[in-house]
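No value in this document is a laboratory result; all are computed from the given coordinates. Not measured: the values here are computed from a predicted model. Neighbour counts are summed over all protein chains in view; Cβ atoms, including those assigned to glycine, are modelled from backbone coordinates with ideal geometry.
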Amino acid sequence: MESNIIPDFHLPTKIFVKPDILKSTGKILSEIGSRAIIISTAEDIEKLESSLDRLVSTLRADGIFCLIYDEIPAVPNTEFIDSAVYFAKKTSCDMIIGFGGTESINAAKAVALLTSNFNFCEEIFDFQGKLEKPVPLVTIPSHPIFGFELLPVFYMNDIHSSTKKVYTNNMLYPHFSILDPAIPSPAYEHEIGPIGMSAIALAAESLISQNINEFTNTYALKAIDLTFRHLVPAFKDPHNIHVRTPLLTASILAGIAFSTCYLSISLSIGLAMSSRTNIPLSHSIAVLLPHVMEYNLTAAPGRYVQMAKVMDEDVREITVIEAAIKAIEAIRRLEIEVDIPQRISQFGISKTEFSPTANLAMTYPFTYNAPRSLNRDEIETILIAAY
């Protein structure tokens, strides 16, 4: 009989973070199989062609037969995932590799799960039965993707409701996560600010989760520390491997913290907002973060003081609340330095979107461990404050 008691810390994924690790991928993956399907959106395949060619070459050189599935659009939906699953089953693959950005990694998680089961993608979000273990999953992000390279979570556009649905299952932890800062990623050069702030958001909200413990507290604070020290230099020089490496590490650390704490109001609202509007998820999370922090300020001031300290804020001889406010002010200054809009109104959306966005945000499983009670009205209040 399996216990329902959740461990304080568990991470089954083997993680590699180093320059040029891509060339060793074949040797690493040979321990789990010899037939791979690479899942990547058509947009990522086009932008990452040279790196993808390198990956295929190293896999084949080490005896791993691989095929690239190239029929997934930039924003996948459940129907496209079902087509990819059908292809994967026909090939009798023994591993799924997600290569590229967040959408590619999300798609790979869904394909890995469904390839070993007999469900359609649209069914899985409400499925309550027993599932077989996914085909072994490997994630190779082309840049930091604020924890999703590691998280046992994927979101996907539902073809019927036209909204993003979320699926969580600890079986979705990848077998390997391979992060190579030497992979050139044109998309990342224009997204460094929002992606970095999204990693901070997951880490910052993990710190105030009711599920926080000393393990995840350490990972979350280190993720904030690394991002604060290296985000601006990376923003100014996107090709500098020496600053990309710690940002990749910060992304993983934020994912580790979040995978235990399961709190991110900004992620929930960001998913809802990106479903309802054309605002990209990372941008939504970034613009919302200071406002979510303000909402939770009085419920977790001590945790915010910890954040302020790793941000090198001087919190001596001031009250706890004053010190906590310094953390929010530091977040706002950093966002301004990396060109993050400070108001939702700058994206040109209407306030009429707030009510349906709040309703949708409450359907996601990332708000229940908040230190302060939260319902759809409070979420709408956050949106109004951020407008």
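Remarks
- Here's the list of lysines a cross-link from Lys165 could span, going by alpha-carbon distance under 16 Å and ignoring same-chain residues fewer than 8 apart: Lys109.
- Interchain or long-range residues, amide H under 5 Å from Cys66's placed H: Ala36
- Highest average packing first - 219-230, 88-99, 145-156, Cβ atoms within 10 Å: 145-156, 219-230, 88-99
- Taking each residue as 0.36 nm, the span from Glu337 to Asn359 lengthens on full extension beyond its C-alpha to C-alpha distance by 4.7 nm.
- Residues in the stretch 331-346 carry Karplus couplings, in order, of 4, 5, 5, 5, 4, 5, 5, 10, 6, 8, x, 9, 9, 4, 4, 5 Hz; the curve used is 6.51 cos²θ - 1.76 cosθ + 1.60 with θ = phi - 60°, and Gly or Pro positions show x.
- Highest average first, the peptides 134-141, 323-330, 253-260 ordered by how many other beta carbon atoms sit within 10 Å of their residues are 253-260, 134-141, 323-330.
- Packing, as the average of other Cβ atoms within 10 Å across residues, places the peptides 40-51, 122-133, 201-212 in the order 201-212, 40-51, 122-133, highest first.
- Nearest-20 debye value, the chain charge dipole, Cβ charges on Lys, Arg, Asp, Glu: 440 debye
- Nearest-ten-degree value, helix 214-236 long axis tilted from longest Cα axis of the chain: 90 degrees
- Both radii are taken from the alpha-carbon atoms of the chain; with Rh as the Kirkwood radius, Rg/Rh is 0.96.
- A Cβ-based charge dipole, computed about the Cα centre of the stretch 14-186 with Lys and Arg at +1 and Asp and Glu at -1, lands at about 560 debye.
- Our estimate of slack between Glu123 and Glu214, defined as 0.36 nm per intervening residue step minus the Cα-Cα distance, is 29.1 nm.
- Charged side chains reduced to their Cβ positions (Lys and Arg at +1, Asp and Glu at -1) give the stretch 192-386 a dipole of some 260 debye around its Cα centre.
- Taking every Cα-Cα distance in the stretch 151-273 and sorting them into 10 Å bins starting at zero, the pair-distance distribution P(r) comes out as 13, 38, 37, 11, 0 percent.
- What the Cα convex hull of the stretch 251-345 gives, in volume per residue, is 114 Å³.
- Computed over the stretch 14-186: relative contact order in percent, which uses C-alpha pairs under 8 Å that are six or more apart: 28 percent
- For the chain, the longest principal axis of the C-alpha atoms and the axis of helix 265-276 are separated by about 60°.
- Kirkwood's formula applied to the C-alpha pairs of the stretch 192-386 gives a hydrodynamic radius of 16.5 angstrom.
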